[in-house]
Amino acid sequence: MYKVSNLKQEYKKKLITAEQAAAMVKPGDRLHFGLGCGSIVDIDRAIAKRAGELKDITVLSTVTIREKPFETYLATESNDQVRFASAHFSGNDRAMSKAGRCWYIPMMFCELPFLWTNNNNDIDIAMFQVAPMDEHGNFNLGPQVADMWGVIKAAKKIIVEVNENMPIAHGYQTQLNLYGVDHVVEGTNSPLAELPAKDPSDIDRKIAAHVVEKIKSHSTLQLGIGSLPLCIGQMIADSDLRNINAHTEMFTDAYVDLFNAGKLTGNKPIDKGKAVYTFAGGSKRLYDFIDDNPICCNAPVDYVNSIATIARIENFVSVNSCIQVDLYGQVCSESAGHQQISGTGGQLDFVLGAFQSDGGQSFLCTPSTRTNAKGEVESLISAALAPGAIVTTPRMATNYIVTEYGAADLKGKTTWERAELLIGIAHPDFRDQLVKDAERMGIWKNTSKLL
């Protein structure tokens, strides 16, 4: 640590330009470009200007929230120059993946801090955005602690990019001292990228209603991303439910709605008075709510997503979306066939933790159908998952599956009971075929009785 009286002097010693930071990148380097709203902007642009010199570079990141892909990607054409890897896909990662430039790292989100610091997984330079240094020499990491301490510990060199628009996030391990930083770049203070919320559809509202009717007062919520969780938050805000708490992987605008409605209290067994999360993404309204707000508690993902932590909180309710469910109750939430859409994230952690919570329950939600690229309507409850589909939540862990036609509790049910329950919430146009499929598979009730 530095003497407080020497902080300004030490800061100036470490101050460099984005171009000087970019010049430190050499062939063969593994770089980490940041997480969530904290991915680099100005250094990324400076590295992109060196596109012709880049060779054998690997860029790592996790669920970056950006308006467009990295400039380093846009400025390069070949994996021989730069290849990208993400531990949780965002929309930009999907675009890069389709172009053959980005690969997914299959990981439990809660294990990422340990991954970065083990398994010979060195990072040559970690670069990420932070809030300006305070009078004590600390940079706030903003609302995305998640796996950042694993990245920081694994990196041979740390370069922070200062952004005055970065919210000050209260919580656990949210500060990085100047002493632990190799170089500082003062950025151009770009506004944080927002995730625009889509208006919920009629199907979203029907699914949300099936979930909300099962939620009790004094529950703690984990809500995923998208129009459905936002709809659930709005429904709870307008309901008679009270004393609702937050312990979630991703902090979204839904929790702001709950707070404004007087529902979000933080009166739970652990982290009392706190809305706990590991990273945030949403509108400027959300970032303003987080900024210097002691109610919001940002914490490392290996704590937030820990099954043991979740299980300690009674009446825990986990709500997430999924892509496809088969008649055994296997759930795919991260790929459409062979195409990676999202990531494993913490879905399985919260499904398992909610079951171990006293009074807990988890909901995996999907519309009953979708229209494919050929314009054909297909059932998202099917006899088997599509070829290449990834099982995110295995059948033995699945609790509630919810469509617009109802909520099916699969926990502890036999294979024929599961099939019957799932067919009951499938779109009516596909139920007869699903019965035939279940008979063929030997899991329909009458067939099972004969075995």
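The values are calculated or read from the model by the stated rules, or taken from the named source; none is laboratory data. Source: prediction; values computed, not measured. Using ideal geometry, Cβ is built from the backbone for each residue, glycine included, and neighbour counts are taken over all protein chains shown. Note: accessible area is taken over every heavy atom of the protein model, side chains too, but ligands, DNA and RNA are not part of it. Shrake-Rupley method; radii C 1.70, N 1.55, O 1.52, S 1.80 Å.
Along the Cα→Cβ direction, 7 angstrom out, place labels at E378 and K157. What is the inter-label distance in nm?
The two pseudo-label positions are separated by 4.7 nm.
Given a Förster distance of 35 Å, report the FRET efficiency between S190 and M396 from their Cβ-Cβ distance, rounded to the nearest 0.05.
0.20
Suppose every Lys and Arg Cβ carries +1 and every Asp and Glu Cβ carries -1, with no other charges. What dipole size does the chain come out with about its Cα centre, to the nearest 20 debye?
Magnitude of the dipole: close to 540 debye.
Rounded, prolate or oblate: which fits region 342-451 when a ≥ b ≥ c are the square roots of the eigenvalues of the alpha-carbon gyration tensor, with rounded for a/c under 1.5 and prolate only if a/b beats b/c?
oblate
Ordering F289, F363 by accessible area with a probe of 1.4 Å, largest first, what comes out?
F289, F363
Using only Cα atoms, locate the centre of region 63-83 and the centre of region 317-340, then give the distance between them in Å, rounded to an integer.
Region 63-83 and region 317-340 have Cα centres separated by 28 Å.
Compare the peptides 115-126, 388-399 by average per-residue count of other Cβ atoms within 10 angstrom and give them in order, highest first.
With the highest mean Cβ count within 10 Å placed first, the list reads 388-399, 115-126.
Starting from 0.36 nm per residue, how many nanometres of slack lie between S283 and D429 once their C-alpha separation is accounted for?
Fully extending the segment from S283 to D429 adds 48.7 nm.
Taking the Cα-to-Cβ direction at D182 and at S306 and moving 7 Å from each Cα, how far apart do the two end points lie in nm?
3.1
How many Å² of accessible area per residue for region 184-275, probe 1.4 Å?
Using a 1.4 Å probe on heavy atoms only, each residue of region 184-275 averages 43 Å².
Along the charge dipole of the chain, Cβ charges K/R +1 and D/E -1, which of N293, M108, I443 sits furthest on the positive end?
Of the candidates, I443 comes out farthest on the positive side.
Counting only the backbone N, which residues of region 171-213 are under 20 Å from the spot 7 Å out from the Cα of L15 toward its beta-carbon?
Taking a point 7 Å out along Cα→Cβ of L15, the residues of region 171-213 whose backbone N falls under 20 Å are 176-190.
As a test of understanding, state the convex hull volume per residue of region 270-331 from its alpha carbons, in Å³.
That works out to 128 Å³ per residue.
With a 10 Å radius around each residue's Cβ, average the other Cβ atoms per peptide and rank 102-112, 192-202, 249-259, highest first.
249-259, 102-112, 192-202
Per residue, how much accessible area does region 312-395 have with a 1.4 Å probe, in Å²?
Computed with neighbouring chains in place, this is 37 Å² per residue.
So which of K13/K157; K198/K284; K55/K153; K98/K198; K14/K156; K49/K98 end up more than 18 Å apart by C-alpha?
Long pairs (Cα-Cα over 18 Å): K55/K153; K98/K198; K49/K98.
For N260 and D199, calculate 0.36 nm times their separation in residues minus their Cα-Cα distance, and state this gained length in nm to one decimal.
20.0 nm
Given a 1.4 Å probe and the protein chains all in place, what does the accessible area of E334 round to, in Å² to the nearest 10?
About 10 Å², rounded to the nearest 10.
Can you give the FRET efficiency to the nearest 0.05 for S217 and K411, using r as the Cβ-Cβ distance and R₀ = 22 Å?
0.45
Taking a ≥ b ≥ c as the square roots of the eigenvalues of the Cα gyration tensor of region 114-223, is the shape rounded (a/c under 1.5), prolate (a/b larger than b/c) or oblate?
prolate
Rounded to the nearest 20 debye, what is the charge dipole size of region 80-139 about its Cα centre when +1 sits on each Lys and Arg Cβ and -1 on each Asp and Glu Cβ?
460
Bin width 5 Å, alpha-carbon pairs only: give the P(r) of region 281-422 as whole percents, running from 0 to the bin holding the largest distance.
2, 10, 16, 19, 18, 14, 10, 6, 4, 1, 0
Calculate I(q)/I(0) for region 344-405 by the Debye formula, one identical point scatterer on each C-alpha and no solvent, and give its log10 at q = 0.22, 0.27 Å⁻¹ to two decimals.
-1.02, -1.24
Just the number, please: carbon plus sulfur as a percent of the accessible area of region 222-344, 1.4 Å probe, no ligands or DNA/RNA counted.
After summing per-atom areas, the C and S share lands at 49 percent.
So, R0 is 30 Å and r is the distance between the beta-carbons of T371 and K98; what FRET efficiency does that work out to, to 0.05?
0.90
Restricting to the chain, what percent of DSSP beta bridges are antiparallel, rounded to 5?
Counting DSSP beta bridges with both partners in the chain, the antiparallel share is about 20 percent.
Ranking request for peptides 308-314, 81-87: highest mean number of other beta-carbon atoms within 10 Å first, then the rest in descending order.
81-87, 308-314
Two-decimal Rg/Rh of the chain from alpha-carbon positions, Kirkwood Rh?
Checking Rg against Rh, the ratio lands at 1.00.
Suppose the chain between D56 and K8 were pulled fully straight at 0.36 nm per residue; how much longer would it get relative to their current alpha carbon spacing?
Difference between extended and current length: 13.6 nm.
In Å, what Kirkwood hydrodynamic radius results for region 35-140 from the alpha-carbon pair distances?
The Cα-based Kirkwood calculation yields 14.8 Å.
Mind running the shape call on region 66-123? Use the C-alpha gyration tensor, a ≥ b ≥ c as the square roots of the eigenvalues: rounded below 1.5 for a/c, prolate if a/b tops b/c, oblate otherwise.
Prolate, because a/c is 1.5 or more and a/b exceeds b/c.
Picking from I270, G34, Y2, whose Cα lies most toward the positive end of the charge dipole for the chain (charges on Cβ: Lys, Arg +1; Asp, Glu -1)?
I270
For the chain, what relative contact order do you get, as a whole percent, if you take Cα pairs closer than 8 Å and at least 6 residues apart?
13
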